[in-house]
Amino acid sequence: MAADNPFVYGEIVAAGAFADRDEEYHRLTTDLRAGQKVFLISPRRYGKSSLIRRTLDALAKERVLTVSVTVAGSSSYVGFLEAYAQTLLAADTPVSRLRQWAADLMRTFHPEVTIDASGPGTSAVSLSFPAVRSSRDVERLAAEVFALPGRIAAARKRPMAIALDEFQTIASFDGGNAVEEALRAAVQQQRDVGYVFAGSEPSLMERMISSRRPFYKAGPVMRLQKIDPDEFATWLEARFTKTGLRAEAGLGAALVDLADNVPYDVQRLAHETWDDVRAAGRKTVGLEDLHTTLTRMMRQQATVFEEQWQRLTLAQRGVLRALVLEQGRELLSADVRQRHRLAGASSVQSSIAALVREDIVMRDGPRYMLTDSLYREWIARRTF
Ligand SMILES: Nc1ncnc2c1ncn2[C@@H]1O[C@H](COP(=O)(O)OP(=O)(O)OP(=O)(O)O)[C@@H](O)[C@H]1O
Ligand SMILES: [Mg+2]
């Protein structure tokens, strides 16, 4: 039987498709096991959710009760509280026992639990708090929901590990600081419950843990970096080889480089290249294949990229092109501005700020980079 494509992108990757990150994985596992409250911060698509999944899977094998919720999945504060309460109560609870369990644990507001068992195999559970009306009610509900993990851990006599992903969304719920305060106050008392608060908007997340904010010094902060490029390259080549495609020397490194070492982009390019080479019935894969695939992908995205480019102001286009050609460095310097005929430093700065706001550009340490490496290639080759 022909092997399946070993590269996965656009979803949380399971252990089998997960490269490196051993150190981060061990740190996070140890911290959560110890009941720490960890902040996990990185730009988008670096692999936070995948790291969390791997960590929680490992902890679940040690009988830790694990729960994972994406805060950004909720459109309001109450919606989040309902989703959070539901996930907490449903963890390791048979559907038939859910109502009783919820009634036992939730004392102030009794949740309404609806169970739709009409689907095949699984039953859809949904929980709501119809009695919650005023903002005072919401506050009391929040206090109760945030206290749930402690009660569950005690009732079950099991430690818990909770992941709140896209945590920066918390700051946008009405209530603002009060939401963070209520959560911080609750988690602080739960010694048997480890938390990881993960966020993909580094500036927002950094602000949440700054002084004068409730989560200041709440626990260790992990800033997820890119995967070690050499290890990633070796890992990529090994996966080509394992599925019957001999990788030419330098292929892994070129993949990592072309994709700016953003894990998502690396896997996307590897996945597409693998498909193309396999479709052509070949047994080896080299740098030329990489470029053929890259060109095909760019062609397929051309309309989208053109539209995106048209939407920019002339000043932004100039800055973006300079950013690509200069690898995102020293954009404010007189030298770079002159070379690319850019306006004054403050104008360049506001163009960069707009590009960051539009999620076209992100910061990577001292330099700026494009969030999409394919768009970067398109700009380098197709614009003037
Ligand atoms: N350790 C890893 N090894 C290999 N590929 C990875 C790894 N981590 C992430 N990836 C790749 O990056 C993609 C994005 O990963 P993930 O969704 O975990 O990132 P994220 O930081 O949670 O992103 P977002 O901020 O958008 O939620 C995955 O689909 C996968 O292709
Ligand atoms: Mg994620």
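Key figures
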read-out: Qualifying residue in the range 70-81 (condition: hydrophobic (A, V, I, L, M, F, W, C) and within 15 Å of the chain's Cα centre (by Cα)); value: yes
read-out: Selection status of Leu89, within 30 Å of Ser134 (Cα to Cα), outside the structural domain of Val262 (by TED's automatic domain parsing) and away from ligand 1 (no atom under 16 Å from the Cβ); value: yes
read-out: Near pairs, Cβ below 6 angstrom, 6+ apart or cross-chain, from the range 155-181 (assigned by TED's automatic domain parsing to the domain that holds Ser75 and over 13 Å from Ala198 (Cβ atoms)) to any residue that is modelled with pLDDT of 95 or more and assigned to a strand (DSSP E or B); value: Arg158/Leu65; Met160/Leu65; Met160/Val193
read-out: Residue within the range 159-174 that is touching an Asp or Glu at 6+ places or on another chain (Cβ under 9 Å) and over 18 Å from Val69 (Cα atoms) present; value: no
read-out: Matching residues in the range 128-147 - criterion: being more than 15 Å from Ile170 (Cα to Cα) and either charged (D, E, K, R) or outside the structural domain of Ala102 (by TED's automatic domain parsing) (or both); value: Arg133, Arg136, Asp137, Arg140, Glu144
read-out: Count of residues meeting criterion [closer than 29 Å to Asp359 by Cα and of a type in the set (A, V, I, L, M)] in the range 147-182; value: 7
read-out: Any hit, the range 77-90, residues being in a loop (DSSP other than H, G, I, E, B) and either in contact (Cβ under 8 Å) with a residue 40 or more places away in the chain or surrounded by 13 or more Cβ atoms within 10 Å (Cβ to Cβ) (or both); value: no
read-out: Of all residues in the range 9-44 being part of a loop (DSSP other than H, G, I, E, B), away from ligand 2 (no atom under 14 Å from the Cβ) and aliphatic (A, V, I, L, M), the one that is surrounded by the most Cβ atoms within 10 Å (Cβ to Cβ); value: Ala19
read-out: Residue match in the range 43-56 (condition: more than 16 Å from ligand 1 (Cβ to nearest atom) and within 28 Å of Ala171 (Cβ to Cβ)); value: no
read-out: Test result for Ala315, assigned to a loop (DSSP other than H, G, I, E, B), over 29 Å from the mean Cα position of the chain (by Cα) and assigned by TED's automatic domain parsing to the domain that holds Leu294; value: no
read-out: Counted residues, the range 105-163 - those being polar (S, T, N, Q) and in a loop (DSSP other than H, G, I, E, B); value: 5
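The values are calculated or read from the model by the stated rules, or taken from the named source; none is laboratory data. Treat the numbers as computed from the prediction; the structure is a model and nothing was measured. All Cβ positions, even for glycine, are placed from backbone atoms using ideal geometry, and neighbour counts span all protein chains on display.
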